[in-house]
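The values are calculated or read from the model by the stated rules, or taken from the named source; none is laboratory data. These numbers come from a predicted model, not from an experiment. Note that we place each Cβ from the backbone using ideal geometry, even for glycine, and neighbour counts take in every protein chain shown.
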Amino acid sequence: MSKTVAEHSVSYVQVLDENGKVTNKDLVPDLKDEQLRELMSRMVFTRILDQRAIKLTRQGRLGFYAPVAGQEASMIGSEFATTKEDFIVPGYRDLPQCVYHGYPLEKLFLYSRGHQEGGRVPEDVNVMMPQIIIGAQIVQTPGIALAFKLRGEKRVAVTYTGDGGTSQGDFYEGMNFAGAMQLPAVFFVQNNQYAISVPREKQTAAETLAQKAIAAGIRGVQVDGMDILGVYTVMHEAVERARNGEGPTMIEAVTFRYGPHTMSGDDPTRYRTKETESTWEKRDPLIRFRTYLEEKGLWSQEEEEKVIEQAKDTITEALKKADSAAKMKLTDLIDVMFEEPTIELKRQRAEITGEGAN
Amino acid sequence: MAQLTMIQAITQALDLELARDEKVLCFGEDVGHNGGVFRATEGLQKKYGEQRVFDTPLAESGIIGLANGLAVQGFRPVPEIQFFGFVFEAFDQIASQIARLRYRSGGRYSAPVTIRSPFGGGVRTPELHSDSLEGLFLQTPGIKVVIPSTPYDAKGLLLSAIRDNDPVIFLEHMRLYRSFRQEVPEDDYTIPLGKANVVREGKDVTIITYGAMVGVSQKAADQWAKDKGLEAEVIDLRTISPIDIETISESIKKTGRAIVVQEAQRTAGAGAEIVAQINENVIFHLEAPVLRATPPDTVYPYGLIEDEWLPTPQFIVDALNKVTSL
Ligand SMILES: Cc1ncc(C[n+]2csc(CCOP(=O)(O)OP(=O)(O)O)c2C)c(N)n1
């Protein structure tokens, strides 16, 4: 005998097309004009931050940096659907979400430079330090979500990874835990087409990344990741469902990164063509949302200039703060290994300072 | 006072701590309903509910990742790795995540997680169940490694481990789980982490050891006293990271000679670290090089030959004879 015991499908969501035209009226999110402007401002800020960060890395004024241009709609739109009480568990590229969730910009600059202060997230900011190990944050997210559930808090844990990250065992383990325990978690995948140089088609034979959720028994949705209204809509639904105890969701946002993988020597011309790049640049999230807002009379060239100027000031200010951070000492490292240094660490500390161990 | 096996002492410690601190959670594969494959969590789910003591999906990285996330949110998770040979599946979450959390966050987050796991040979398990992998974690900064050798110690050390604000790997030797009973007080007591215990006094040689090798070393010392009339002092480290070099040094100042006995393969393990620390601290009190009595550097062997592979009292006596003849 043979019969169908389960059938699944994956839906693709888009609200605004490449020309800024609404393609699905029913899914236009219920946002106030002020909020729509805010979304645009944040995307503009993020683009400027990215350009500035790239320059600063080239000048040696920042350390590790992973460019974000192209992914603004995914990053800004998804974070906008959370509340400050929700917890963000980011990967190394997800700095904009951290910024808008309250992680001070100067601390992110310090993080980039490899300064310990960069990891010291303020007490009232619900963010983890950006993760370097691909997938590690995804198994931690159910733990955070379980804490919310156990305490009866209506909070959601949101984690981010890339298309490459979906190949890790941890990706599946995390989703499976969240599904099995019905936790308030959202797994947000930014499919920017490449894991360093490996294209999405070589990453997996799966037709979509969103369908990976099906194996874990959780919802999987694909969204146009360059359409900020689409991203916001699916994320808002996912976060609200999670908050109301309706279980976790995995979202695949289909997007593109314009720049190199990181500023540490990656050369995208080795693995993608100009045509590919220009195809994606035509779908740019800023252009299409700007068109949409301008047609509604909610955005102008002037307004954008203002945001750009403010962004530059904010970034300069944060850099100044980062520059004035106290220099790290070797003993600072020793002091945070444990709540109390061990005998051997005390001895090693004394060796460094030239003082006697006590 | 009740006579308890080590497994009963462990259950009692978990019970006490679950009752005392509602932030404590026990979980892992088969930990909830079934009470663990060794019954360490027997009855605890019934008593504390499925929210506090629960079964997880079968995924070690997921289990330790869950603990990490819970710790960030202020809980004190006590996850179980069903057999320590499976720890490789969770290595990233332990070594790169939990052990580094305080460091990476500049002290903002900490991981008061106690990872419990059965380990150790002589019980004829299938492959990759018995391996002594504790040495891997000695090289991992930011995590403590505790290995009790008696029921009394197991309870007191486990209570300390759970209350410690740093991550602890708590290794329970399978052969000790039910091999003997000991008087264990019912009340709450702790044994400090990082403090060794001198379990047999002697003036001729110091034996430094831990886990199941404590008992084997005590037997060897008794036999040696009978054969040779010489007295070996036996130190049970209780915690192998950090190592209590003070207690070791005091003993060596008295005996002038030492051997390290471990169940793990020889190269680059706890024994090697102990020898190095002895060199750095009390070399001028030594009358002979410090020797290591260990199994060879092979993979943990198949059941039929494990008794030959593991250090025996006679094997340790030979090492004692050797170090006193140098
Ligand atoms: C466990 C692990 N393996 C490999 C790497 C090296 N590495 C860093 S980023 C990266 C590609 C990740 O691609 P993807 O998940 O698609 O995210 P993206 O960088 O595109 O945002 C690799 C292989 C790593 N950091 N961690």
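Below, the figures for the structure above:
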| quantity | calculated |
| --- | --- |
| Helices (runs of 4 or more DSSP H) lying entirely in the stretch A:203-321 (those with 2 or more residues that are out of contact with any helix residue (DSSP H, G or I) (no Cβ under 8 Å at 6 or more places or on another chain)) | A:228-243, A:274-281, A:285-295 |
| Residue match in the stretch B:121-138 (condition: within 12 Å of another protein chain (Cβ to nearest Cβ) and either within 16 Å of A:P341 (Cα to Cα) or touching a residue at least 60 places away in the same chain (Cβ under 8 Å) (or both)) | yes |
| So A:I228, is it within 17 Å of the chain's Cα centre (by Cα), within 16 Å of the ligand (Cβ to nearest atom), more than 14 Å from every other protein chain (Cβ to nearest Cβ) and not charged (D, E, K, R) | no |
| Residue within the stretch A:290-303 that is surrounded by 15 or more Cβ atoms within 10 Å (Cβ to Cβ), closer than 29 Å to A:V186 by Cα and either touching a strand residue (DSSP E or B) at 6+ places or on another chain (Cβ under 9 Å) or not basic (K, R) (or both) present | yes |
| Matching entry among B:G69, B:G74 (being within 12 Å of another protein chain (Cβ to nearest Cβ), over 24 Å from the mean Cα position of the chain (by Cα), under 30 Å from B:Q139 (Cβ atoms) and in a loop (DSSP other than H, G, I, E, B)) | B:G74 |
| Of residues in the stretch B:77-88 being in a helix (DSSP H, G or I) and more than 13 Å from every other protein chain (Cβ to nearest Cβ), the one nearest to the chain's Cα centre (by Cα) | B:F84 |
| Cβ pairs under 6 Å, 6+ apart, first in the stretch B:20-33 and more than 19 Å from B:Q73 (Cβ to Cβ) and at pLDDT 95 or above, second in a strand (DSSP E or B) and hydrophobic (A, V, I, L, M, F, W, C) | B:G32/B:V53; B:G32/B:F54 |
| Some residue of the stretch A:168-184 being without any contact (Cβ under 8 Å) to a residue 12 or more places away in the chain, within 14 Å of the ligand (Cβ to nearest atom) and surrounded by fewer than 21 Cβ atoms within 10 Å (Cβ to Cβ) | no |
| Condition check for A:T83: touching a helix residue (DSSP H, G or I) at 6+ places or on another chain (Cβ under 9 Å), in a loop (DSSP other than H, G, I, E, B) and modelled with pLDDT of 95 or more | yes |
| Check on A:L345, part of a helix (DSSP H, G or I) and within 14 Å of chain B (Cβ to nearest Cβ) | yes |
| Those residues of the stretch A:316-358 which are under 24 Å from B:Y109 (Cβ atoms) and surrounded by fewer than 12 Cβ atoms within 10 Å (Cβ to Cβ), in sequence order | A:A326, A:K327, A:L330 |
| Residue in the stretch A:129-150 that is assigned to a helix (DSSP H, G or I), over 23 Å from A:E240 (Cα atoms) and more than 16 Å from the ligand (Cβ to nearest atom) present | no |
| Output for the stretch A:56-81, where each listed residue is in contact (Cβ under 8 Å) with a residue 12 or more places away in the chain, away from the ligand (no atom under 13 Å from the Cβ) and surrounded by fewer than 24 Cβ atoms within 10 Å (Cβ to Cβ) | A:L56, A:T57, A:R58, A:R61, A:L62, A:G63, A:F80, A:A81 |
